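Values quoted throughout were computed directly from the atomic coordinates according to the rules given, and no laboratory measurement underlies them. For clarity, every value in this text was computed on a predicted model and none was experimentally measured. Don't worry about glycine lacking a Cβ; one is built from the backbone with ideal geometry, like all the others, and counts go over all protein chains shown.
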There are 2 protein chains.
Amino acid sequence: MTGSEPAAAPAPLPAAPGPRRRHPEDTKERLLDAAERLFAERGFEGASLRAVTHAAGTSVSAAHYHFGSKEALLVATIRRRAEPVVRARAARLDEIERRAGAGPLPLEEVLDAFLRPIFEERARPERSDDFRRIAARLFSDPPRVVASLKREVFGSTAERFLDALARALPEKPRMLIALDLQFLVGVMVHVTSGHLRDVPAPRGWPRLEGLSDDAVLGRMIEFVAAGLRAPRRSLR
Amino acid sequence: MTGSEPAAAPAPLPAAPGPRRRHPEDTKERLLDAAERLFAERGFEGASLRAVTHAAGTSVSAAHYHFGSKEALLVATIRRRAEPVVRARAARLDEIERRAGAGPLPLEEVLDAFLRPIFEERARPERSDDFRRIAARLFSDPPRVVASLKREVFGSTAERFLDALARALPEKPRMLIALDLQFLVGVMVHVTSGHLRDVPAPRGWPRLEGLSDDAVLGRMIEFVAAGLRAPRRSLR
DNA sequence: GTCTATAGTTGGATAGAC
DNA sequence: GTCTATCCAACTATAGAC
């Protein structure tokens, strides 16, 4: 679908500035937008640099000029989205810890601080579908770069939230918190990667697409909070 | 790297049967094994057919002879693992429904029927690492084939478990069950895809690799059962 | 900064010998 | 059924004009 009309006639517009060729300085941004969309849809290896640059209305060499390599373009794409999320999470957690003083942290608020920034990043009008699977691929894509990038970008966040959860659930063994946090991450990745939108939806069952982000986020927090509070009977 | 040593001298072994060239009829199996491992490690587009056939000790043309295309090889790879899981889930659910008669279904048993078969398939000695991400990629890989295959293979399972969960939680609105089931799927995918093994593990925190499958499965059931039972305050 | 042109690899798929 | 040899398309990356 994308990338049809290979050698289309010049647009019927009077001058040269067709649909492409806007301000020259935002070529970098357009490349990042196109890369985000195509890497998310087809995977890193599945989306060729040519397809990305064509979707961005520019050329392969422009991409190499701005980023140096296809891999570096992927890193820049992920970093652009991940960093605001990391900052927003940290800011929310700062505020929660400030209000709590030396006392225990309220669990639901900690979870909200962890989950809401992803929804808000995803919810930007132009980006809702672009952002869809990019986070999920962070967790299932093989490229070596992505593994180290994941650590670099999310490492400190994971540490802070482990400690925050330990403060929210003081009685709970750390091993159990660490394990449950992985369950929480699984829920987050699955939901934010957009799978709610292509669920088979059996006959007679309600469809989930209509749910607002707020409704999903709210229920997600209820769900994982209950899971985190569930007493353990197994696990040693 | 692949396909080096173009005209290597014959192996110093006495006869012909080197490390490759075993029983000719299990070439198909060896191809499936290699494809499973490499598709899981590098993704479908990231693993070349040449790399797969080389790992299987055979040739590209053998793969085309047996499967017809790279895409068909992927489908066969997934199908080989998915079908036993689907059958085992159905069998366990049959048994639960038989024992329950007309009464409500016990939630933890339904969850066990859903989750345990995946662990057992993954736990086969030779397959534990091969199977790792293959299920997860079902949910994040872009190829069109995979989407339709997912429906074909797991569609009926999803329907049956939705109904089973409705029978286990009779008071619960269906919309909420459908949403919570997606959370459950997220947990399942994340855990079975092996991410527990490459968690950063912050300083002072216990590592999760040592946990047995039984311990993880047991806690997972506790976690999602509590989530499923959590009353809703949000969601309309 | 952005383009055209091209280098140099590697990809999936096939033909035909055995 | 499995191999070798080959086709051709697509890929990343670079060089050099403008």
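The charge dipole of region B:21-75, taken about its Cα centre with unit charges on the Cβ of Lys, Arg, Asp and Glu (plus for the first two, minus for the last two), comes to roughly 200 debye. Near residue A:202: Cβ cut-off under 13 Å, other residues only, Lys/Arg at +1 and Asp/Glu at -1. The net charge is +3.
In region B:171-236, which GluC sites (Glu not before Pro) are in a loop and have at most 14 other Cβ atoms within 10 Å, using DSSP for the loop call?
Working: sites: B:171, B:209, B:222; in loops: B:171, B:209.
Within region B:171-236, the qualifying GluC sites (Glu not before Pro) (loop, at most 14 other Cβ atoms within 10 Å) are B:171, B:209.
Grab the other residues whose beta carbon is less than 9 angstrom from that of residue A:116, score K and R as +1, D and E as -1, and report the net. Each step should come with its number before you reach the end.
Values: positive: A:89, A:92; negative: A:112, A:120.
After counting each charged neighbour, the total is 0.
Here region A:23-86 is treated as a Stokes sphere of Kirkwood radius computed over C-alpha pairs; at 20 °C and 1.002 mPa s its diffusion coefficient rounds to 186 µm²/s.
As a test of understanding, state the convex hull volume per residue of region B:166-215 from its alpha carbons, in Å³. If you can, show how the numbers build up before the last one.
Numbers: hull volume 5.9 nm³, N = 50.
Residue-normalised Cα hull volume stands at 119 Å³.
Pairs with C-alpha atoms separated by more than 32 Å, drawn from the list A:70/B:28; A:150/B:28; A:70/B:150; B:28/B:150; B:150/B:172, are A:70/B:28; A:150/B:28.
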